[in-house]
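The values are calculated or read from the model by the stated rules, or taken from the named source; none is laboratory data. None of these values were measured; they are calculated from a predicted model. Counting neighbours? That spans all protein chains shown, and the Cβs are built from the backbone with ideal geometry, glycine included. We work out accessible area using only protein heavy atoms, side chains counted, and drop any ligands, DNA or RNA first. Shrake-Rupley method; radii C 1.70, N 1.55, O 1.52, S 1.80 Å.
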Amino acid sequence: MNKEAVRQAYGQNPKTKKAFSLRRIFFSEKFAPYLFVAPFLLSFLIFFLYPTASTISMSFQEVHGLSSSKFIGLDNYRRMFDEHFFNALQTNTIYTILSLLLLIPIPIVFAVFLNSKLIKGKTLFKSVIFIPALTSVIVAGVSFRLMFGEADTAFINSVIAKFGISPQNWILNYSTGMMLMVILNTWRTAGINMVYYLAGLQSIPEELYESAEMDGASVFSKFYWITLPLLKPIIIYTLTIGIFEGYRMFGESYVFWNEGMPGDIGLTIVRFIYQQAFQRNDMGMGSAIGITLLLIVLTVNLIQLKMFGLFKKESD
């Protein structure tokens, strides 16, 4: 039976005619692409665009409960810029910079060693380095808090006591508190970045290193002139994600200062949002802080992407 006969047979039955028409629509070249991207578009509209638009609208309102609100213009933004906000911004900025200074070079070094043919037991080392990434930040944070406790019998205090150093109250000092948050984040995240860099290293053609060896290049020369330039896209990716994660950090702060933060030690922007929106029930203020945080992260990432030349037009 040819195609024309099939069409005539379908056309004689209303049900089959309707099914045939729907089949033609779903499998058409014009409709099919929209069908495949529809789940992404719906999720984007429901879980990102609508909440973002609602948050922007709420940031200009004084919200009372779930149903009552009043437009107040920029009052929330004026009230937001106080001492606590700038302390939180300073903490997030220092935390992000220190984390990136560790979470880019250390995983690269791990990846280079694990990509070397001279290293034995690579699977074991990969597992040991990556396992912390599977640990909850709350569970890991509680362990770190016990290790760095203020009691003389706490693990770290007992260790430094053997070197004649007096016990420290780690979480009541800004610098040591920052150190704890950075160490915890580095311990948990280094394995993830290592996997990214290891994948990038394995995609570099071996012929490039062989040619460099024939020209007398040293190990450090090959790393500087071949490895780093070809890892640039992954470095930019991890840098971008690191900036985003640094400014949205909440868990590392919460596990060390879950009740109070004397002198705003450990206060972050997301923690400030939590305080205003949920503890003080000021949703308008919390929304204003959230929008400001979005603009800060967007600006910082755009600046670093421009510095890496990602907006330059490729020459013909």
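What to note about this one:
- Residues within segment 56-103 that are open to solvent by less than 50 Å² (accessible area, probe 1.4 Å), at pLDDT below 95 and of a type in the set (Phe, Trp, Tyr), tallied: 2
- Looking only at segment 197-227, and only at residues there that are under 19 Å from Phe308 (Cβ atoms) and without any contact (Cβ under 8 Å) to a residue 24 or more places away in the chain, the one that is surrounded by the most Cβ atoms within 10 Å (Cβ to Cβ): Ile226
- Exactly one residue among Ile241, Ile269 is surrounded by 11 or more Cβ atoms within 10 Å (Cβ to Cβ) and touching a residue at least 24 places away in the same chain (Cβ under 8 Å), and that residue is Ile269.
- Hits in segment 272-300 (condition: surrounded by fewer than 17 Cβ atoms within 10 Å (Cβ to Cβ), closer than 19 Å to Thr91 by Cβ and within 23 Å of the chain's Cα centre (by Cα)): Leu294, Leu295, Ile296, Thr299
- Here Glu150 fulfils each of the conditions (1) in a loop (DSSP other than H, G, I, E, B); (2) modelled with pLDDT of 90 or more apart from (2).
- Test: residue in segment 249-258 that is more than 21 Å from Val182 (Cα to Cα) and modelled with pLDDT of 90 or more: no
- Hey, Met147 open to solvent by less than 20 Å² (accessible area, probe 1.4 Å) and of a type outside the set (Gly, Ala, Ser) or not: no
- Residue that is nearest to Ile204 (Cα to Cα) [pool: residues in segment 104-118 that are open to solvent by 50 Å² or more (accessible area, probe 1.4 Å) and assigned to a loop (DSSP other than H, G, I, E, B)]: Lys117
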